[in-house]
Amino acid sequence: MKNDIDIDIRVPSHTRYLRMIGRIGEEVARETDCPEGIRETLPSLLAIVLTEGVVNAIKHAHSADSEEDLHVRINVSKKDLVVRIYDNGIGFDLDAVPNHSLNSNGLEEKGRGIFIIRSLMDTVKYIRSNNTNVLEMRKSLA
Amino acid sequence: MDLKTENMEGVAVLFVREDRLDANNSEELKTELRRLFDSGTKDLVIDLKEIHFIDSSGLGVLVSGYKNASILHGSLKLSNLQSQVKSMFELTRLQRVFDIFTSVDDALQSYR
């Protein structure tokens with residue numbers, strides 16, 4: 001791959017767009033030139049982290065009556081995959097989310113999304129600021 | 001959401017006839033599970049043959065159903081997990097919680 005892929009997605013803040021966003025992620029992953037061990041799993045990995053991140057933004061970061069669009073950015077370089085999901089809501093404390101499946105009997109109904117993202121990506125940050133928060137998820141492709 | 005429930009050998013078998021179980025449709029499954037339990041169902045098999053994508057919301061609804069079945073001294077078992085679904089169960093270690101079968105027949109066999 002000579003150049004990076006950089007895709008910006010803006011859709012209304014609604015779960016009905018999850019399928020579309022997931023499919024875009026799968027297509028991006030298929031176009032990514034990465035080592036064999038990663039190539040097979042990257043489409044489904046990207047689809048799930050996009051879904052979990054977007055749902056998190058809809059449920060926790062955007063206010064319930066939000067008219068703000070969802071803003072998702074996917075960047076793939078030779079080095080790594082970076083997904084950023086932006087929101088303008090009150091945000092949440094990523095560090096306060098319990099490490100779900102390690103501290104429990106596995107029977108919680110909620111809180112599994114961030115655990116899934118943390119399990120599949122190398123680094124996960126939630127950067128809060130006055131105007132726009134961003135959930136940044138990064139995975140090495142080297 | 002396209003759901004179909006059949007009574008097979010005294011066990012309710014719920015076929016989820018969608019390709020995804022995610023935050024956009026999982027509440028509908030939760031409502032149907034509640035309806036089944038409220039109407040006296042105790043033993044339930046959920047067939048996920050057509051589901052090729054599940055997220056944490058979908059998993060959460062299945063966990064909720066599992067707990068409700070246990071409270072009623074019944075059971076909720078799963079059949080026909082496709083590869084992405086299986087991976088998600090393994091990642092979240094839920095394969096240790098649920099009884100998972102390769103087919104509806106195998107799941108029914110476990111009740112005989």
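A few comments on the model shown:
- Assuming charge only on the beta carbon of Lys and Arg (+1) and of Asp and Glu (-1), the dipole of region A:5-140 about its Cα centre is about 140 debye to the nearest 20.
- Net lengthening on full extension, residue B:73/residue B:87 (0.36 nm per residue, minus Cα-Cα): 2.2 nm
- Taken along its principal axes, the alpha carbon cloud of the protein assembly as shown reaches lengths of 59, 42, 34 Å, longest axis first.
- Accessible surface of residue B:47 - all protein chains present, 1.4 Å probe, nearest 10 Å²: 10 Å²
- Accessible-area value, residue A:86, 1.4 Å probe, nucleic acids and ligands omitted, Å²: 50 Å²
- Residues considered: A:76, A:97, A:54. Largest GNM mean-square fluctuation over chain A, using C-alpha springs under 10 Å, is found at A:97.
- Within chain A, longest stretch free of exposed trypsin sites (Lys or Arg not before Pro) [DSSP loop, at most 15 other beta carbons within 10 Å]: A:3-77
- Label point distance in nm, residue A:40-residue A:93, each placed 7 Å from Cα along Cα→Cβ: 4.2 nm
- Spacing of the two label points (7 Å from each Cα toward its C-beta) at residue A:122 and residue A:10, in nm: 3.1 nm
- With an a/c value of 1.5 or above and a/b not larger than b/c for the gyration tensor axes a ≥ b ≥ c computed over the alpha-carbon atoms, region A:5-140 is described as oblate.
- Mean separation of Cα contacts under 8 Å (6+ apart) over length of chain A, as relative contact order %: 26 percent
- Of A:130, A:88, A:56, the one that fluctuates the most in a GNM where chain A has Cα springs shorter than 10 Å: A:130
- Taking B:60, B:74, B:40 in turn, the Gaussian network model of chain B (Cα-Cα springs below 10 Å) assigns the largest fluctuation to B:40.
- Part-to-part distance (alpha-carbon centres) for region B:47-112 and region A:1-60, which is given in Å: 26 Å
- In a fully extended conformation the segment linking residue B:35 and residue B:102 would gain 21.5 nm over its present Cα-Cα distance, using 0.36 nm per residue.
The values are calculated or read from the model by the stated rules, or taken from the named source; none is laboratory data. Everything numeric here is computed off the predicted structure, so don't read it as measured data. Every residue, glycine as well, gets a Cβ built from its backbone with ideal geometry; the counts of neighbours run over all protein chains shown. Note: accessible area is taken over every heavy atom of the protein model, side chains too, but ligands, DNA and RNA are not part of it. Shrake-Rupley method; radii C 1.70, N 1.55, O 1.52, S 1.80 Å.
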